[in-house]
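S.K.: Questions regarding the structure given below will be posed in turn.
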C-alpha cells in the first residue's frame, strides 16, 4: 500500500517522481532505451529519465567467449535494479542469460524488430558478388559457423575475421578498407537509422539469428508489482512465446549466448489467422564443416510453458544428432 500523501491535484509524490530507466551507454542501447522510455511515458504519464550504466562487457576488449559471454552486458543493470538505483532496465533480449532471477521479472517483451542478420560491405557488394578471399568481420561464432558453411556449400572462399566493438567501430572496419564486409543484426542498424547502409539481408535459410535477436526485454523488480503490471501493457504475446521457445532451446542445449547456436521461431499464418509456430535451430563448428540444423512445427503455444516444451523437444532432437560436440561454450 502506498502511504505517500497526495498533492493538491490528487497525484502522490511517488507518482510525480521520474521513473529511472537503466541502460548501457552504447549508442545503440541509448537509442533503443530512448524508444522504450517514450512508450513508458505515454503509458504511465510519468517522466522517464535514462540512467547510464557501464557493464563489464562494454569495457572489456576480450572476446565474449573469453569473458564469459552470458550475462556480461546485463549483470550491472540487474545489480542496479536490486539495489533500487533504477526502477526498470532495458536489455537486448539475446544478451540475457536463460535463467531468470527470482527477484526480477521480465515485465514486457515488446513487438520484435526484424530478427535477421545483415551484411554491410564495401561498394554495396553481396555475398554472391564478393571477391574470392573476401574478409568478413563478425564477433559471433554462430555467424562464423553458418557463413563458413554457406561458403563451403556454394564453393566460395571467404575469411571470417573475429571483431569486437560497437556498430560504428564495426562499420568503420569496412569504410577504412580493413575488411570487405561485416555482419550485424538488422534490428540494431534499424534502431540507429542506418538501414540505408545495408548491402544485403541474410535470410534465415542461410543464417539463423541468435535466440531472441531483434527483441527487447523490459525488466523490473518483482517487489515493484504496480510498475510490472503497467509495463505489461507493452508486452507482445506472439513475440514472447516465440523468443521463449528460442531461449528454451538454448537453455536445453546448455549453451551460453556466445555459443554457435542459432534459433528462430516463425509464426505461420493460414490467410489472416496465425495457426502454427515453426522453431528452427542450428549448431555448428566455427569452420563451417559441420552443422546440425533441425526444425519442429506445432500449434502456437498458448503459454510460456508450452513454448518452453517446444524448445526442449527440438533441443533433444539436435543433441541426438551430435549438437553437444559442436558448442565451444557450455553454460554450467
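The values are calculated or read from the model by the stated rules, or taken from the named source; none is laboratory data. Quick caveat, the model's predicted, so the values are computed rather than measured. So basically every Cβ, Gly included, is an ideal-geometry build from the backbone, and we count neighbours across all protein chains shown.
S.K.: Could you please let me know if residue 250 is part of a helix (DSSP H, G or I) and in contact with a strand residue (DSSP E or B) (Cβ under 7 Å, 6 or more places away or on another chain)?
M.R.: Yes.
S.K.: Here is a further query. Select from segment 268-298 the residues that are in a loop (DSSP other than H, G, I, E, B) and surrounded by fewer than 17 Cβ atoms within 10 Å (Cβ to Cβ) and list them in ascending order.
M.R.: Result: 271, 272, 287, 289, 290.
S.K.: Among 147, 208, which is at pLDDT 95 or above, assigned to a helix (DSSP H, G or I) and surrounded by 15 or more Cβ atoms within 10 Å (Cβ to Cβ)?
M.R.: 147
S.K.: Then there is this: Got a sec? Which of 137, 133 is free of Cβ contacts under 8 Å to residues at least 60 places away in the same chain and touching a helix residue (DSSP H, G or I) at 6+ places or on another chain (Cβ under 8 Å)?
M.R.: It is 137.
S.K.: Quick one: would you say residue 16 is surrounded by fewer than 16 Cβ atoms within 10 Å (Cβ to Cβ) and modelled with pLDDT of 95 or more?
M.R.: When the stated conditions are applied, residue 16 does not pass them.
S.K.: Considering 243, 308, which residue is assigned to a helix (DSSP H, G or I), in contact with a strand residue (DSSP E or B) (Cβ under 8 Å, 6 or more places away or on another chain), over 23 Å from residue 150 (Cα atoms) and not assigned by TED's automatic domain parsing to the domain that holds residue 155?
M.R.: Every option except 243 fails the conditions.
S.K.: Then there's this: Hey, could you check segment 117-143 for residues that are under 25 Å from residue 263 (Cα atoms) and part of a loop (DSSP other than H, G, I, E, B) and say which is nearest to the chain's Cα centre (by Cα)?
M.R.: Across segment 117-143, the extreme among qualifying residues is 140.
S.K.: Next question. Which members of segment 305-329 meet the condition of being under 22 Å from the mean Cα position of the chain (by Cα) and exposed (fewer than 14 other Cβ atoms within 10 Å of the Cβ)?
M.R.: Once the filter is applied, which keeps residues that are under 22 Å from the mean Cα position of the chain (by Cα) and exposed (fewer than 14 other Cβ atoms within 10 Å of the Cβ), segment 305-329 yields only 305.
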